[in-house]
């Protein structure tokens, strides 16, 4: 009943900088993450250190509002941290170039349930892992030539 770590990755046959430009602009999350109903980004645009994010999602019949802050940024990576009343969240999104026209998208999310969510989290984490992998497949489908996806 501690921290749950969700990692996913997908390979995309597109240049890393092109994929990173999309992935690291959280305003696009509503386009490829099924549970996200709204995503507020301030300031808008690609990730910058200190950027404030508020994710609103509907999952397992519950609505979650998760404020986070971008803590660290490089051209192909962004780390974030934060959370709401029911969940502490930290994670990283990164794109790794595998060649000039091929890359791998990697996500890692650490979930630390709080309060009553500590009791529900063990039941939900498996489906969250599957949803995370499905979301990355949707992301990859936005780019021509997506080749594979897996989660752990």
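Any residue at all in region 140-149 that is in a helix (DSSP H, G or I) and either surrounded by fewer than 17 Cβ atoms within 10 Å (Cβ to Cβ) or in contact (Cβ under 8 Å) with a residue 24 or more places away in the chain (or both)?
Yes - at least one qualifying residue is present in region 140-149.
Find the residue count for region 3-46, including only residues that are farther than 24 Å from residue 61 by Cβ and in a loop (DSSP other than H, G, I, E, B).
Total satisfying the criteria: 9.
Given the options 88, 108, 129, 142, name the one that is within 15 Å of the chain's Cα centre (by Cα) and within 20 Å of residue 22 (Cβ to Cβ).
108
Search region 48-77 for residues that are in contact (Cβ under 8 Å) with a residue 24 or more places away in the chain and at positive phi and pair each with any residue that is surrounded by 15 or more Cβ atoms within 10 Å (Cβ to Cβ) and not in a loop (DSSP other than H, G, I, E, B) when their beta-carbon atoms are under 9 Å apart and the residues are at least 6 apart or on different chains.
Taking only residues 6 or more apart or on different chains, the pairs are 60/124; 60/128.
Output the number of residues of region 92-118 satisfying the condition of being without any contact (Cβ under 8 Å) to a residue 24 or more places away in the chain and loosely packed, with under 13 Cβ neighbours inside 10 Å.
1
Looking at region 51-64 only, could you name the residues that are exposed (fewer than 11 other Cβ atoms within 10 Å of the Cβ) and touching a strand residue (DSSP E or B) at 6+ places or on another chain (Cβ under 8 Å)?
Within region 51-64, just 63 meets the criteria.
Just give me the residues in region 19-47 being without any contact (Cβ under 8 Å) to a residue 12 or more places away in the chain and surrounded by 14 or more Cβ atoms within 10 Å (Cβ to Cβ), in sequence order.
28, 30
Among the listed residues 65, 49, 85, which satisfies the condition of being over 17 Å from residue 139 (Cα atoms), in a loop (DSSP other than H, G, I, E, B) and modelled with pLDDT under 95? If you could, list the steps in order and put the result at the bottom.
Working: 65 fails: in a loop (DSSP other than H, G, I, E, B); 49 fails: modelled with pLDDT under 95.
Sole residue among the options that is over 17 Å from residue 139 (Cα atoms), in a loop (DSSP other than H, G, I, E, B) and modelled with pLDDT under 95: 85.
The values are calculated or read from the model by the stated rules, or taken from the named source; none is laboratory data. Only a predicted model underlies this, so the values are computations on that prediction, with no experimental measurement involved. Glycine also receives a Cβ, built like all others from the backbone with ideal geometry; neighbour counts cover every protein chain displayed.
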